[in-house]
Amino acid sequence: MCGIVGCIGNGAVEVVVEGLKRLEYRGYDSVGIAALSKNRLKVVKDAIKVEQFLKRYDLSEISDTRLAIGHTRWATHGIVSEENAHPHSDCKGRIVLVHNGIIENHHELRERLLKRGHRLRSDTDTELIVHLVEENYKGDLLEAVRVAVGSLVGSFALAVICADKEEMVLAKRMSPLVIGIGDGMIFAASDVVALLERTKRFLFLEDGDCARLIPKGIQVVDSESGREVERRVETVVWNVEDAEKEGYPHFMLKEIYEQPRALQQTIGAHIDGANLSFRQANEVEQLFEGVRKVSFVACGTAYHACVVGSYLLRDFTRLDYSCDVASEFRYAPPPLDEKTVLIAVSQSGETADTLAAVRLAKERSARVLAVCNVRTSTLVRLADLTLFTLAGPEIGVASTKAYTSQLAVLCALFSHLATFAGIGLDKRDGELLRKGLLGLPMRVRQALEAAEEVTDRISKEFFRSQTFLYLGRKYNFATAYEGALKLKEISYIHAEGYGAGEMKHGPIALVQPDYPTVAIVVRDSVYEKMLSNVEEIKARKGPVIAVSSVNDEKVKRLTNFIMEVPEVSEPLYPAVCVVPLQLLSYKIATLRGCDVDKPRNLAKSVTVE
Ligand code: AGP
């Protein structure tokens, strides 16, 4: 996730710098500014943070400008480097552009542009766009951008300026982009937080919009037809602090609702939608060459992702495996050697126990594959290969969008390993799983919509409960553990995740009328078994809250509440079933007056043992 700011008017660079600072919650590893000064475009950019940037570069030489754009990068394509930082320029340096999003057909565009003699300076997908604009530019920047975006597959928010005129052109698809209207100034930004100190009046662009901003006004057109479209100017009431949560009361709630977009970005970065291929096939096959075993290691929520990964490994490959929490692994490691791949999963990439486990595995010649959300983290530097989640910075202590993005990455990985000679079990299954992944963002969005009202009712009914039991089997065994962890870490209610098959070996002794059980009973291979477990609990008068498939009359009759989720292929259920559990935990915690974003005793990243 990146940040974009643009301004037309006096003091434009000052406005852009101010806005870039406010976008820091979006996370960034590089920063850059372009300004039109004395009919030339001046670009200043570097792979450093905003504060360091302002210390290192003297921007006074462009302070006279009335037209500027700026960008904070959260690297997706291309390493963190000055060349890959935005803004990017066309061949002649007459057009510059900043971008937030992922261009999925970047390979094909790169080949096409190189064949046509364009000089490409970076590894980014973004740079390709400015060269497409250059090809179409004949004096009308809006028209050039409108035609250029017609060649793009993927998501984008663009801000483009050129040396010929005092105007800025914007384009939007899937990534956020707003226009701010000030006194004698016009602004653009990835979200209102960047501009709230300058204006409260905004025009929210919609997918498929292109816009031309000039000092005297705004023109918005449909990018396909070129016809003008009307967009209302709205006044926002947020103060700067709130707006960092984009209107949500807590970062956690915002991040729960960001999951469809986080999944879209993550899956888009790993699966080529055009031919259903796994983008990092070569690097992964190189890493797994001759490998016989996988050792999963992580902490907390990331460990639950590893548990799901272990089921994927069993279903899609013939590999041996171990799966441990890092704090146990490092003191009692399984056999490790050069034929082992250690899969270390971590949102922050800084968790001390996980890093210690990785260092131990490397000492014993194991290869390390990281699944991580922070490019500049220690784990990424230690790993032989990293498959990134593109969830954007996760600020709420309770992990939500990073978790579902981790699940998506592990599904993508094992969908490819399924096809890998000597390791894989069934090529066709791998392709089907990749196809299912492409629809996952929409399924998660549907699960969110379905959960909204019912979790209000359930949380009001049970927020005073002293304890909860969560039950699941097979792929949803981990969902039971993750659902319990979400509840206990933000509401401080004791909650226990359990394999449902284990009920009769002890936990069923706990069941009584004020002991709610959350059971994950979806139409998967263990559906009938889960139904029997629910009947055992009902027979002892325990209240049951089910996560169930849509329109399941059997489950409806048997349980007190149901949270419906859309049907998906079995390996994708953990990512869908966890969504109502996240929302339920959030609502119970807020009813109990807990500090949801900063729960007591916890930290976002446990960088100590
Ligand atoms: C999850 O909600 C918790 N915040 C915690 O268990 C977390 O998952 C764990 O500390 C691992 O963090 P990491 O993914 O950054 O390594």
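Of the numbered criteria (1) under 19 Å from A408 (Cβ atoms); (2) part of a loop (DSSP other than H, G, I, E, B); (3) within 16 Å of the ligand (Cβ to nearest atom), the one E350 fails is (1). One residue alone among A450, A509 is without any contact (Cβ under 8 Å) to a residue 40 or more places away in the chain and either more than 19 Å from A305 (Cβ to Cβ) or open to solvent by 70 Å² or more (accessible area, probe 1.4 Å) (or both), and that residue is A509. Using the structure shown, decide if A370 is more than 21 Å from E255 (Cα to Cα), away from the ligand (no atom under 15 Å from the Cβ) and either open to solvent by less than 20 Å² (accessible area, probe 1.4 Å) or touching a residue at least 60 places away in the same chain (Cβ under 8 Å) (or both). Criteria not met by A370. If you go through region 401-423 and pick out every residue that is outside any helix (DSSP H, G or I) and open to solvent by 10 Å² or more (accessible area, probe 1.4 Å), you end up with 4. Of all residues being at pLDDT below 95 and buried (at least 23 other Cβ atoms within 10 Å of the Cβ) in region 6-21, which is nearest to the chain's Cα centre (by Cα)? Just the residue, please. Out of the qualifying residues, it is L20. Considering only residues in region 528-571 that are assigned to a helix (DSSP H, G or I) and open to solvent by less than 30 Å² (accessible area, probe 1.4 Å), the one that is nearest to E452 (Cα to Cα) turns out to be V555.
A quick yes/no check of all residues on (1) farther than 26 Å from I271 by Cβ; (2) acidic (D, E); (3) assigned to a loop (DSSP other than H, G, I, E, B):
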position	(1), (2), (3)
G70	yes, no, no
E83	yes, yes, yes
E127	no, yes, no
L132	no, no, no
E135	yes, yes, no
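The number of residues in region 377-400 that are assigned to a helix (DSSP H, G or I), in contact with a Cys (Cβ under 9 Å, 6 or more places away or on another chain) and open to solvent by 10 Å² or more (accessible area, probe 1.4 Å) comes to 1. Pairs meeting the criteria (first residue in region 203-222 and without any contact (Cβ under 8 Å) to a residue 40 or more places away in the chain and under 17 Å from V147 (Cβ atoms), second residue small (G, A, S) and open to solvent by less than 50 Å² (accessible area, probe 1.4 Å), beta carbons under 8 Å, at least 6 apart or on different chains) are G208/S223; D209/A171; D209/S223; V220/A211; D222/G208. If you check V284, V307, which single one turns out to be within 16 Å of the ligand (Cβ to nearest atom) and part of a helix (DSSP H, G or I)? Sole residue among the options that is within 16 Å of the ligand (Cβ to nearest atom) and part of a helix (DSSP H, G or I): V307. Just one of the listed residues (R600, R540) is more than 16 Å from the ligand (Cβ to nearest atom), of a type outside the set (S, T, Y) and at pLDDT below 95, and it is R540.
The values are calculated or read from the model by the stated rules, or taken from the named source; none is laboratory data. As the structure is a computational prediction, the values presented were derived from the model and not from experiment. Because the Cβ atoms are built from the backbone with ideal geometry, glycine has one as well, and the counts that use them run over all protein chains shown. Ligands, DNA and RNA are stripped out before the accessible areas are found, and what is left, the full protein with its side chains, is counted by its heavy atoms. Shrake-Rupley method; radii C 1.70, N 1.55, O 1.52, S 1.80 Å.
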